[in-house]
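Notes to accompany the following structure.
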Amino acid sequence: MSRPTGPSTSRRTVGLHPTRWAPSVILVVALIAVWESYVRLAGVSPRILPAPSRVAAQGWAARDVIAGHAASTLQVTLLGFALALVVSWIIATAVDFSPKLRRAVVPLLVVSQTLPIVALAPLMIIWFGFGILPKLLVVALVTFFPMTVGLIEGFASADRESDRLLRSMGASRRQQFRYVRLPSAVPRFFTSLRIGITYAVVGAVFSEYVGATSGLGIYMSQQKNAFRTDLVLAAVVVTALCSIALFLSTYVVERIVAPWAVQEAS
């Protein structure tokens, strides 16, 4: 049986193709050059807007401290994202096997996105203390929705003719799910995975603002209070680099888990 194809498979190799990133890199370099020139010519105070060269120099000088906080943030990000991933698969699979459950769960998923994380995060601290658990829950709440919806829609997009063919051959519901519906969901799943992983880093940093002893979020808060705008921006750059690295890693995982999708798109 041939693997499913769809509009989303045409984007399988975008993330790992260097030429796709060239315009963005050129634009970033140009903006940095304008930023550097403006700060130097206008004589702006480093407390207000430090030059990119100062941000790089001070960030490099504090690299060991920033690296330690980045490791803490990545730990929260990956563990919280793993929790969201497991919950997403459980919910989406259950919904696919039960149309009645779908009608009950999908509206609740939409409602869950109207809950303000800004208000929920402090409650997580009150309920679960200052350990790692509340931070994991914040990351999971931020990221599970796009992955769950992507999986549900992916399962629903399965080829109906293939479904009918398997039923006519006596295949069970589980076999239909394994051989038709699951492969159909892979492209949309990885698209939603990329959205979720970028949200995960933001969620981890935000959770650290609420209550943490280490992490890029608490580090930025400390440096802001010390009027070290250069170190705040250095931490922001590290956060962005972490997000980009995790985003690109999803393409590597996709090549390993679903090489057929990459081959069909190339």
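The values are calculated or read from the model by the stated rules, or taken from the named source; none is laboratory data. If you're wondering where the values come from, they're calculated on a predicted model, not measured in any experiment. Here Cβ is always computed from backbone atoms with ideal geometry, including for glycine, and neighbour counts include all displayed protein chains. Protein only, heavy atoms only, side chains kept; ligands, DNA and RNA dropped before computing areas. Shrake-Rupley method; radii C 1.70, N 1.55, O 1.52, S 1.80 Å.
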Consider only pairs whose beta carbons are under 7 Å apart and that are at least six residues apart or on different chains; among these, list those whose first residue lies in the range 18-43 and is closer than 20 Å to residue 247 by Cβ and whose second residue is open to solvent by 80 Å² or more (accessible area, probe 1.4 Å).
none
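Considering only residues that are part of a helix (DSSP H, G or I), among the polar types (S, T, N, Q) and out of contact with any helix residue (DSSP H, G or I) (no Cβ under 6 Å at 6 or more places or on another chain), which ones fall in the range 57-98? Quick ask: steps written out before the conclusion?
At the first step, the residues of the range 57-98 found to be part of a helix (DSSP H, G or I) are 57-61, 63-97.
Filter once more, keeping what is among the polar types (S, T, N, Q): 58, 72-73, 75, 77, 88, 93.
If the condition is that a residue be part of a helix (DSSP H, G or I), among the polar types (S, T, N, Q) and out of contact with any helix residue (DSSP H, G or I) (no Cβ under 6 Å at 6 or more places or on another chain), then 72, 75, 93 are the ones that fit.
Filter the range 150-196 for residues that are aliphatic (A, V, I, L, M) and at pLDDT 75 or above and give the result.
151, 152, 156, 169, 180, 182, 185, 186, 193, 195
What about residue 218, is it surrounded by 15 or more Cβ atoms within 10 Å (Cβ to Cβ) and out of contact with any Phe, Trp or Tyr (no Cβ under 6 Å at 6 or more places or on another chain)?
Spelling it out, residue 218 is indeed surrounded by 15 or more Cβ atoms within 10 Å (Cβ to Cβ) and out of contact with any Phe, Trp or Tyr (no Cβ under 6 Å at 6 or more places or on another chain).
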How about the range 110-144: which of its residues are open to solvent by 50 Å² or more (accessible area, probe 1.4 Å) and in a helix (DSSP H, G or I)?
110, 111, 118, 119, 122, 123, 126, 127, 128, 133, 141
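Quick grid of which residues meet (1) of a type in the set (A, V, I, L, M); (2) out of contact with any Ser or Thr (no Cβ under 8 Å at 6 or more places or on another chain):
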| position | (1), (2) |
| --- | --- |
| 27 | yes, yes |
| 47 | no, no |
| 56 | yes, yes |
| 72 | no, no |
| 79 | yes, yes |
| 105 | yes, yes |
| 109 | yes, no |
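May I ask you to verify whether residue 259 is buried (at least 20 other Cβ atoms within 10 Å of the Cβ) and not aliphatic (A, V, I, L, M)? Quick ask: steps written out before the conclusion?
Values: buried (at least 20 other Cβ atoms within 10 Å of the Cβ): no; not aliphatic (A, V, I, L, M): yes.
Criteria not met by residue 259.
Determine whether the range 150-166 contains at least one residue that is of a type in the set (Phe, Trp, Tyr) and either open to solvent by 80 Å² or more (accessible area, probe 1.4 Å) or within 15 Å of the chain's Cα centre (by Cα) (or both). Full working, then the answer.
In the first step, residues of the range 150-166 are kept if they are of a type in the set (Phe, Trp, Tyr); the result is 155.
Next cut, either open to solvent by 80 Å² or more (accessible area, probe 1.4 Å) or within 15 Å of the chain's Cα centre (by Cα) (or both) only: none.
No.
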Which one is farthest from the chain's Cα centre (by Cα) among residues in the range 40-56 that are among the basic types (Lys, Arg) and assigned to a helix (DSSP H, G or I)?
40
Restricting attention to the range 168-205, and to residues there that are of a type in the set (Gly, Ala, Ser) and farther than 27 Å from residue 70 by Cβ, which single residue is most open to solvent (accessible area, probe 1.4 Å)?
168
So which residues in the range 186-240 are among the polar types (S, T, N, Q), in a helix (DSSP H, G or I) and more than 17 Å from the chain's Cα centre (by Cα)?
221, 222, 223, 225, 229
So, first residue over 14 Å from residue 251 (Cβ atoms) in the range 176-195, second residue assigned to a helix (DSSP H, G or I) and among the polar types (S, T, N, Q), Cβ within less than 7 Å, six or more apart or across chains; the pairs are 180/162; 188/8
